[in-house]
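To start, the structure under review is shown below, and the notes come after it.
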Amino acid sequence: MPPSNEQRPEDRLSVRRLRVEMWLTRVGILVTLGAFAGFGVEYLRVVATHRAPSELAQAAVFLLVVSFLVYGGLVYLTSRLGWLRRKLEFRHAGAAELHAFCSGTPASLAILIPSYKEEAHVVRHTLLSAALQDYPKRRVVLLIDDPPEPSRPEDCVSLQASRALVHELNELLGGARREFQTACEAAHARRATGGFYPPHEALALAKLYERASDWFARQADAYPSRDHAERLFVERNLRNPAAAHLQTAGDLCRTALGHQTDLLESELLSHYRRLAWLFDVELTSFERKRYRDLSHAPNKAMNLNGYLALMGSRYQERRSGRALELCPVPASGEGLEFEDADYVLTLDADSLLEPDYAARLVHWLENPENERIAVAQTPYSAIPGASRIIERIAGATTDIQYLIHQGFTRHGATFWVGANAVLRKRALEDIATTVTDSETGASHRRYIQDRTVIEDTESSVDLVTRGWQLFNYPARLSYSATPPDFGALVIQRRRWANGGLLIMPKLVALLMRRPLRQRGTGAFMRVHYLTSIAAVNVGLVLLFLFPFTDWLANEWLPLTALAYFCLYAHDLRLAGYRRLDLFRVYALNLMLIPVNLGGVLRSLQQAVTKRTATFGRTPKVKNRTAAPAIYVLASYALTGYLFSAACIDLSEDHAFRALAGGINASLLLYALSAFVGWRDSAADIVRKPRSRLRAGV
C-alpha cells in the first residue's frame, strides 16, 4: 500500500535524482519515436507488397490503432517530463510566509460540500477536514441533496444524521473558538493600554498553543478509526496539527525564557489572531430541493449552481401551497443571508484536505501574476491504506493520474478535476449562463456545466475560451475515496468515460480560433484527454477481435511501448506501490474495457437523443455493490475468446498473436479472480434474472 505523504519515494527525490529522471524520460521519448519510425518504415515496406483491398483496409485500421496507442504513450512521457520539471523548479511558500499572508487581509472563502445520500461518518471527517483549514475568513456549507421528504425509513435516518452533523460540529468547535477569541481580544486590549510585555505574552501564547495542541490530541484519541479514510483524517487533520502546535509552543517558550529583546508585538499579535481563527468557522447546511423555484436536476453541478446563484443576496422563505419558495429581499431586510465570497472551494463529501490546502492555494491565486487563474487545485490522490486489492490498484491508477495532471499544467493543458478545487468566484460569473427548466419553465443560473456527467471537464473548456487559466499545485494536498469493489468502480469509471466525445467539438472550436503557433503541446494533451477513453478501448477491442495478419506487426512494434511500461512501473514505485503492480493495473484496465465502452455508448446515445445522461453517483456502502451482469459476462466472454483465439493462433503458427492473446487472457482471468471473485461474479450474473423470477416477470 502507498505510504503516507511524507514517506513517498517521489517526495525524497534530490535535485540530482530529478535531473536523472528527466534524462531517462527524454531517452524514453526518443526510444518511442525511434521505434515508431522504425515500425512505420518496415510497415510501409511490407504493405506495399499487399495490394488486395481487404488487406489495405486491415493495414489502415491497424496503423490507426497503433498510432493512437503510441500517441498515448508519448502524452504520458511528456507529462512525466513536465511533472519532474515542476518538482525541480516550483518554489513552495514556507510556513512563515503563509502565516504572514493569513494574518493580513486574506480573501474570503466559502467551502461548499455537495452531498447526496452519504453515510454520516464519511461526511463527518470531510466536514471537519474543511472546518479545520488553517485559514481565516472561511465558512463551510454542506449542500444536502437528499429528497427532503424521503419515503424509505433508512433514507430518513440518513437525512436526519446529515442535518444533525452541522449542529454537532458547531458545538464541538464552539468552546475552543470562544476561549481563543477571548484571549485574542484581551491581548489587543493590553496592547491598547500599554500592558503588553512581549516576553510575558510569548509565555502566554505558548500555553495557548499547548491548549490548542491538547484539543487536537483529545479529538484524535477519541475519534474512531474504523477504516483507512478515518485513519488518514486522524493522522493528517488531528495528530499532525497537534504536533505542530506543540512545537510552536516550545519555540515561543524558548524565545521568552531566553529573554530575547527582538520580539515584535505585531508578530505576537498575529499568533493570537491565528489561534482565534483556527476554530472561528461556522458550518451551515442548505437543501435546494426544499424550494420549488430552485433547480432539482439530479446532478452535482446543479446542486452547486443552486447555491452559487444565491450567494451575495438575502432571501425570505415563502410558502406557496405545500411548497416553499425563496423570494429576494433588500440587503437591509430580514431573511436568509447567503454571504458572497472571493473564492469557492468545492469538495466532494468523501474527500479530505491537508490543513494548509486553502492557505496555499488562495495565497497562490492572490499573487498579482496569477489574477487570470480561475481554478487552482491539487489533483486528488487515493486514500492510502486500502485493504482490498481492487481498491489499492484502482487507487494506483489515481495516483498516476496525479502525475499526468501535473504535467498538463506545465504545458498549459490543465483540466479541472472536480473532487476538490478553489474557484475564483469572478471567473465563475464570467462563464455563467441562464437556462430554463423544460418542466417548470423557471430560469436558473448555471455556473458549472451540467450537460455532461463530467461537468468539471466541460467547464474547463468554457473557462479557457473566456481567457482564463487553470492550475495544478504541485503537492499532494487532497485525498478522495476509491471505490472498494468492482460494482462501485463500474459506476465511477462508466461516468468518467461518458462525456469526452460530447465536449470534443467545443475544444476543437477553441483550438481552431487560435493561431497554429499557440496550440502546441497543450492541444496535443487536451485532445488526447477527451478522446483517449473512446479511442484506446475501441482500438484494443479491434486488436483483440479482428484477425490482423502477422505481416502487419514487426519487431519494432513492442519497442514502441517499452519506455511507457518501464517508466509507468517505475512511477508506481515512486508513488509507493510495487513495480509488479503494473501487471495488476493492466489487468484492471482490461476488465474495464466493457465498462469504458458502456460510458462511450452513453455519450453517443446522448448525442443522438439530446437527452442528458443520468448522473451515476459512486456508492459508498459497507456491503458490496453489485455489478451489472453485462459487464461481468463481457469480461468472461472476452477471456474465453482470447484463450480460444490464442490456441487457434498457436496451431496455425501465428506465434506473436498467440503470445499476446494468451497473456491478455491470463491477466483477465486473474482480474476476475482477484478484483471480483468467482462467487461474487456468479452472484452478479444471476442476480437480475433471479429478481425477475421472484417478481413473476
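The values are calculated or read from the model by the stated rules, or taken from the named source; none is laboratory data. Here the structure is a predicted model, which means the values were calculated and not measured. Here Cβ is always computed from backbone atoms with ideal geometry, including for glycine, and neighbour counts include all displayed protein chains. Just the protein is used for accessible areas: all its heavy atoms, side chains included, with ligands, DNA and RNA removed. Shrake-Rupley method; radii C 1.70, N 1.55, O 1.52, S 1.80 Å.
A few remarks follow.
- Selected residue (only one of Leu336, Leu352 is touching a Phe, Trp or Tyr at 6+ places or on another chain (Cβ under 6 Å), surrounded by fewer than 23 Cβ atoms within 10 Å (Cβ to Cβ) and more than 30 Å from Arg519 (Cα to Cα)): Leu336
- Residue-level analysis places Asn537 among those that are over 30 Å from Arg12 (Cβ atoms) and touching a Pro at 6+ places or on another chain (Cβ under 9 Å).
- Scanning segment 516-535 for residues that are free of Cβ contacts under 8 Å to residues at least 40 places away in the same chain, open to solvent by less than 50 Å² (accessible area, probe 1.4 Å) and more than 21 Å from Leu81 (Cβ to Cβ) turns up just one, Thr531.
- Listed by first and then second residue, the pairs with beta-carbon distance under 6 Å, at least 6 apart or on different chains, first residue in segment 363-378 and closer than 16 Å to Asn420 by Cα and in a loop (DSSP other than H, G, I, E, B), second open to solvent by less than 10 Å² (accessible area, probe 1.4 Å) and modelled with pLDDT of 95 or more, are Thr378/Tyr473; Thr378/Ser478.
- Total residues in segment 201-260, condition of a type in the set (Ser, Thr, Tyr) and touching a Phe, Trp or Tyr at 6+ places or on another chain (Cβ under 8 Å): 2
- Only one of the numbered conditions (1) open to solvent by 60 Å² or more (accessible area, probe 1.4 Å); (2) touching a residue at least 12 places away in the same chain (Cβ under 8 Å); (3) out of contact with any helix residue (DSSP H, G or I) (no Cβ under 6 Å at 6 or more places or on another chain) is violated by Glu210, and that is (3).
- Single residue of segment 83-122 satisfying the filter (among the small types (Gly, Ala, Ser) and crowded, with 22+ Cβ neighbours inside 10 Å) that is farthest from Pro484 (Cα to Cα): Ala110
- Residues located in segment 383-412, provided they are part of a loop (DSSP other than H, G, I, E, B) and either surrounded by fewer than 21 Cβ atoms within 10 Å (Cβ to Cβ) or under 16 Å from the mean Cα position of the chain (by Cα) (or both): Ile383, Pro384, Gly385, Ser387, Arg388, His411, Gly412
- Segment 264-281, subset charged (D, E, K, R) and part of a helix (DSSP H, G or I), residue nearest to Ala130 (Cα to Cα): Arg274
Yes or no, residue by residue, for (1) open to solvent by less than 10 Å² (accessible area, probe 1.4 Å); (2) over 30 Å from Ile111 (Cβ atoms):
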| site | (1), (2) |
| --- | --- |
| Ile144 | yes, no |
| Pro148 | no, no |
| Asp155 | no, no |
| Arg178 | no, no |
| Gln181 | no, no |
| Ala192 | no, yes |
| Pro199 | no, yes |
| Ala202 | yes, yes |
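- Selection of first residues in segment 151-179 that are more than 16 Å from Ala130 (Cβ to Cβ) and at pLDDT below 95 and of second residues that are of a type in the set (Ser, Thr, Tyr) and crowded, with 18+ Cβ neighbours inside 10 Å, restricted to Cβ pairs under 7 Å at least 6 apart or on distinct chains, gives the following pairs, ordered by first then second residue: Arg163/Ser285.
- Whichever residue in segment 355-382 is aromatic (Phe, Trp, Tyr) and modelled with pLDDT of 95 or more and, among such residues, is least open to solvent (accessible area, probe 1.4 Å): Tyr357
- Residue match in segment 527-545 (condition: out of contact with any Phe, Trp or Tyr (no Cβ under 6 Å at 6 or more places or on another chain) and not in a helix (DSSP H, G or I)): no
- Counting the residues of segment 428-454 that are of a type in the set (A, V, I, L, M, F, W, C), in contact with a Lys or Arg (Cβ under 8 Å, 6 or more places away or on another chain) and surrounded by fewer than 24 Cβ atoms within 10 Å (Cβ to Cβ) gives 3.
- Complete set of residues in segment 218-263 that are hydrophobic (A, V, I, L, M, F, W, C), open to solvent by 30 Å² or more (accessible area, probe 1.4 Å), in contact with a helix residue (DSSP H, G or I) (Cβ under 7 Å, 6 or more places away or on another chain) and assigned to a helix (DSSP H, G or I): Leu246, Cys253
- Among residues of segment 88-125, those that are within 15 Å of Glu282 (Cα to Cα) and either more than 22 Å from the chain's Cα centre (by Cα) or part of a helix (DSSP H, G or I) (or both), counted: 2
- Number of the condition not met by Phe415 [criteria: (1) outside any helix (DSSP H, G or I); (2) in contact with an Asp or Glu (Cβ under 6 Å, 6 or more places away or on another chain)]: (2)
- Of all residues in segment 282-293 being over 27 Å from Gln492 (Cα atoms) and part of a loop (DSSP other than H, G, I, E, B), the one that is most open to solvent (accessible area, probe 1.4 Å): Arg292
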